[in-house]
Amino acid sequence: MSAAAMGIDHGLFGNVFVQGNGKGGVGKTTLTGNMAAKTAREGLLTLGIDVNGQGNLRRELGYGVQDNGAAFAESMRKGTPLVPISVRDNLDVVPGGSHVRELNDIFLSLATSQGPLAAFLRLAQCLQPLLSKYDIVFIDSPPENPNLLIMCLAAARWVVTPVKSDAASLEDGLTDFAQSFGMVKSQINPMLTLLGVVHFASARNATNVHKDVARRSRKILGKVAHTFSTVIGQSEATAKLAREERYSRPVYDLNQLRIQGDREIPEAAQALADDHDALTLEVLERAQMLRSAA
């Protein structure tokens, strides 16, 4: 049995990006939210999918508590198309939340009744009917849940892997991720491609640290593993404000408020907004380069 035999055409998933690392707290949700906001601002019809029990993508995009992932879980249980909500111009989201924690039970039930491949392909099954509507899709994968990570990888073409320079992120998280990635590419989704590694929350001028991150990433992911040149800088104050309920918005929007006179927002928001915009463009350009070379 193959994905194609089960009705999944991975050729349709060419504009689906997933943020993946086996560890939490490395920037997956932040990158998902800021990339999605950037592509939407550029006029691309964008879909974000929050595969997390905490549902923190709402804090990055400011759409507030919705149904805590109830509709998402219901679609996954029944195998019906996902049901997005509109959160801003050109941007829809499939919200996450506490009900997303039911996905592991749904996965196990499917694996028992229909086999592991059907379980791993469930997200792809529920996403595929929506792909013709959107120019680009970003999936925020969950940490420390191999089954759901594999499910996300099986529904994507491109993988962006954020890391921090600590050993837990670079070694434990990447090692777990590499195992899942290899299994999906060899057995489920041969079109899956590791687009690159992003060094997240680091001093921009720490050249030796960046080189070390690239070296250690290649050691685990393979010699051809690419590291993006754009580094997402560190501004604890900006990151904290971006997720507070009274702001709860992408860094670009936060910086616009600073420009308009909000003195609580630090000047560092400008550089951080520039980082996220530059990374998004670099990610899209690399994906296009690899498409053209294929």
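The values are calculated or read from the model by the stated rules, or taken from the named source; none is laboratory data. Just so we're clear, the structure is a prediction, and the values are computed from it rather than from any experiment. Note that each Cβ is placed from the backbone with ideal geometry, even for glycine, and that neighbours are counted across all protein chains shown. Note: accessible area is taken over every heavy atom of the protein model, side chains too, but ligands, DNA and RNA are not part of it. Shrake-Rupley method; radii C 1.70, N 1.55, O 1.52, S 1.80 Å.
Each Lys and Arg adds +1 at its Cβ and each Asp and Glu adds -1 at its Cβ; summed about the Cα centre, the chain shows a dipole of about 600 debye. From its DSSP helices (H runs of at least four residues, each -39,500 (n - 2.57)), the chain gives a residue-normalised ellipticity at 222 nm of -13500 deg cm²/dmol. I need the shape label for the stretch 138-293. Rule: rounded when a/c is under 1.5, else prolate if a/b > b/c, else oblate, with a, b, c from the alpha carbon gyration tensor. Prolate shape, in that a/c is at least 1.5 and a/b is the bigger ratio. Among ARG204, ARG243, ARG122, the order of accessible area from largest down is ARG204, ARG243, ARG122, computed with a 1.4 Å probe on protein heavy atoms. Among the aspartates and glutamates, which have Cα under 16 Å from the Cα of LYS219 when same-chain residues fewer than 8 positions away are ignored? Here the aspartates and glutamates satisfying the reach criterion relative to LYS219 are ASP166, GLU171, ASP172, ASP176. Note on the stretch 250-293: dipole from Cβ charges, positive end direction compared against MET289, TYR252, ALA271; the farthest Cα belongs to MET289. 3J(HN,Hα) along the stretch 88-105, derived from phi through the Karplus expression 6.51 cos²θ - 1.76 cosθ + 1.60 where θ = phi - 60°, amounts to 6, 3, 6, 10, 10, 9, 9, x, x, x, 4, 5, 5, 5, 6, 4, 5, 5 Hz, with x in place of Gly and Pro. For the stretch 46-94, the solvent-accessible area of protein heavy atoms averages 38 Å² per residue (probe radius 1.4 Å; ligands and nucleic acids excluded). In this structure, the pairs whose alpha-carbon distance is over 21 Å, taken from LYS164/LYS240; LYS38/LYS133; LYS185/LYS211, are LYS185/LYS211.
Solvent-accessible surface (1.4 Å probe) assigned to ILE150 amounts to roughly 20 Å².
For the set MET6, MET1, MET35, solvent exposure ranked by accessible area (probe 1.4 Å, protein chains only) runs largest to smallest as MET1, MET6, MET35.
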